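Everything on this sheet refers to the single structure shown next.
The values are calculated or read from the model by the stated rules, or taken from the named source; none is laboratory data. A quick note: this is a predicted structure, and the numbers were derived from the prediction, not measured. Positions of Cβ are generated from backbone atoms using ideal geometry, with glycine treated the same way; all protein chains shown enter the neighbour counts. For the accessible areas, the whole protein counts, side chains as well, though only heavy atoms, and no ligand, DNA or RNA atoms are used. Shrake-Rupley method; radii C 1.70, N 1.55, O 1.52, S 1.80 Å.
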Amino acid sequence: MNVSSVFIERPSAFYACIPLFFAIIFFVARYKRLSHNISKDARYRIKYPLVFKTIFLSVAVILFICAYAGISWGGTVVPIQKNGRAVCFVFDISYSMTARDTKKGLSRLETAARYAESLMDSLDNASISVVLAKGNGTVAIPLTEDKEMVRGLLKNLSPELMTAGGSSLGKGILSAIDSFPVQSSQAPYIWLFTDGEETDSALVSSLHDAVKYGIPVTIIGFGSETESEIIAGDGKTPVHTALRSDAIKSAVHSVLAKKSNAKQVPVTFVKAEEKGSAYMLLKNTAGDAIVTYETQNMKRFSLFLKLGIFFVALSVIAQECHLNMQKKMFRLFGAIAVMSLFSSCSGQFSCGKTILEGRLEWNRKNYQQATVCFLDALNMARQNNDSYLEQYALYGLASTYLMLEENNAATERLGQIAPDATDEVRFAILFDLGLLAHKKGDYETAASYFKQALMINGSDIQTKINLELSLEKISVQNNVKERNITSVSENSDDQALENAMYSMMREKERNTWKSQQQENSESNSLDY
């Protein structure tokens with residue numbers, strides 16, 4: 001009656017992982033061929049989203065395969081109705097049971113045999129098996145309804161039936177557990193006849209196993225609690241033995257204290273000489289329809305299914321995230337989400353959840369809804385006096401306003417973020433302020449912001465590119481100013497030269513006109 005700690009209902013389902021393995025190899029090879037045909041910048045932008053998407057989707061597929069495979073582990077107590085009874089007699093036949101310290105002067109083993117025979121007469125419509133606990137537990141008689149066979153064995157019980165030395169009560173109980181069929185309509189019971197003497201201290205662990213399988217165990221003690229002397233199995237060594245009631249009670253108590261289902265699956269101890277002990281045993285097994293409790297493996301289908309859906313959602317997020325400003329936001333809001341999910345504070349959880357929702361809406365370019373989410377998160381963070389999440393909510397608002405071309409509102413929200421915010425937030429603020437200044441054409445201010453951002457994270461490539469672009473714009477502006485000054489200077493010299501030439505031409509014309517007038521005057525006077 002074995003119940004494995006991990007059970008797989010359909011192990012052949014894992015063959016589906018083989019095509020997944022080849023699909024990943026094909027994807028990697030195709031990406032390498034594609035990367036040679038695109039620019040370095042484009043390759044940088046698509047590399048990490050594709051890598052993370054592939055990883056998340058692969059994990060999701062494996063989780064779905066595990067869900068279909070029917071993996072189960074752990075235990076849950078399940079009530080089961082049984083018809084009929086199956087009782088296993090476990091006899092301790094060690095030499096300590098030969099001590100003659102019972103009331104009628106019989107040995108403990110003889111008294112146990114008579115006690116079991118009297119019980120058997122009252123077990124109507126019950127199957128009985130017998131296990132001998134000496135050395136390794138041995139099933140002497142499998143489950144049977146032939147009581148005469150059992151009586152024949154009871155009359156011949158003796159330590160000589162087995163040559164193995166020692167007394168292992170735990171192995172006897174484990175053999176009794178295995179003697180019951182896995183799928184049986186009969187309710188199982190184990191009755192252990194012993195004086196409590198054992199050599200391997202395996203009783204407690206075997207009782208735990210019996211409770212786990214839903215099999216009630218009753219230990220019946222024989223003998224006196226006063227020490228008596230016997231001869232050991234070698235025929236020479238004298239040893240002292242007694243009924244170890246305290247040791248048996250301690251084992252039973254440890255099982256009841258640790259097993260949550262021990263209340264439904266009882267483990268008890270009685271002394272055979274106590275009045276009513278036999279009646280108690282028979283009462284516990286009375287009735288045709290008996291409700292027993294078994295510990296069954298818990299199926300984990302829903303767990304694997306939920307995890308698979310979660311990783312599919314992560315792959316979608318990874319696909320929508322790019323490696324410029326969105327990459328920074330993905331890092332920031334991913335950290336918030338993880339922190340919030342594992343936080344013990346409900347206020348932080350709600351605030352982090354709202355920020356994550358705003359991030360998802362931002363990825364979908366639904367900026368109006370993202371604004372609502374970030375505003376709600378900001379209010380919750382301020383109500384909870386959570387300055388850490390407040391900084392992220394403010395940055396989320398600023399980034400959303402930036403995408404809506406509301407530059408003044410974005411600048412205002414960025415200015416509300418505390419100077420002692422985390423390095424990630426301060427870096428993102430300086431990056432966004434640089435973008436705003438660049439859009440306004442204030443390239444010197446933009447370059448200053450980008451330089452400050454690089455002082456926090458000097459490895460960010462996009463910030464370096466933006467700084468180079470801003471410096472190039474500044475250089476272009478300076479060249480234009482120089483050309484304008486030169487152009488004005490050149491135009492002034494040309495105008496002066498033109499004016500001088502024009503004056504010379506006018507003066508020459510004036511002198512020519514005057515000489516003509518003088519000649520005409522002289523000729524006129526002569527004619528006159």
Q.
I'd like to know if segment 114-123 contains one or more residues that are open to solvent by less than 40 Å² (accessible area, probe 1.4 Å), more than 16 Å from F222 (Cβ to Cβ) and either among the acidic types (D, E) or in a helix (DSSP H, G or I) (or both).
A. yes
**Q.** Every residue from segment 186-203 that is farther than 26 Å from D101 by Cα and modelled with pLDDT under 90
**A.** Q186, A187, P188
Q: Please find, within segment 435-461, the residue that is most open to solvent (accessible area, probe 1.4 Å) out of those that are over 17 Å from N408 (Cα atoms) and charged (D, E, K, R).
A: E444
Q: Kindly establish whether D432 is open to solvent by less than 40 Å² (accessible area, probe 1.4 Å), closer than 20 Å to Q462 by Cβ and among the charged types (D, E, K, R).
A: yes
Q | Residue within segment 153-165 that is crowded, with 21+ Cβ neighbours inside 10 Å, over 30 Å from K283 (Cβ atoms) and either among the acidic types (D, E) or in contact with a strand residue (DSSP E or B) (Cβ under 9 Å, 6 or more places away or on another chain) (or both) present | A | no
Q: Answer yes if at least one residue in segment 379-391 is hydrophobic (A, V, I, L, M, F, W, C) and open to solvent by 10 Å² or more (accessible area, probe 1.4 Å), and no otherwise.
A: yes
Q.
Cβ contacts < 9 Å: first residue under 13 Å from E9 (Cβ atoms), restricted to segment 295-308; second residue at pLDDT below 85 and assigned to a helix (DSSP H, G or I), any location; separation 6+ or different chain. Result?
A. none
Q: Check off (1) modelled with pLDDT of 85 or more; (2) within 23 Å of F91 (Cα to Cα); (3) of a type in the set (A, V, I, L, M, F, W, C) for L305 and give me the number that stays unchecked.
A: (2)
Q) Of the residues that make up segment 85-96, is at least one in a helix (DSSP H, G or I) and modelled with pLDDT of 75 or more? A) yes
Q. Does S167 meet the test of being of a type in the set (G, A, S), modelled with pLDDT under 90, closer than 25 Å to V252 by Cα and not in a helix (DSSP H, G or I)?
A. yes
Q: Kindly establish whether L192 is open to solvent by less than 10 Å² (accessible area, probe 1.4 Å), under 24 Å from R114 (Cα atoms) and not in a loop (DSSP other than H, G, I, E, B).
A: yes
Q: Could you pull out the residue among G74, G70 that is at pLDDT below 80 and on the phi > 0 side of the Ramachandran plot?
A: G74
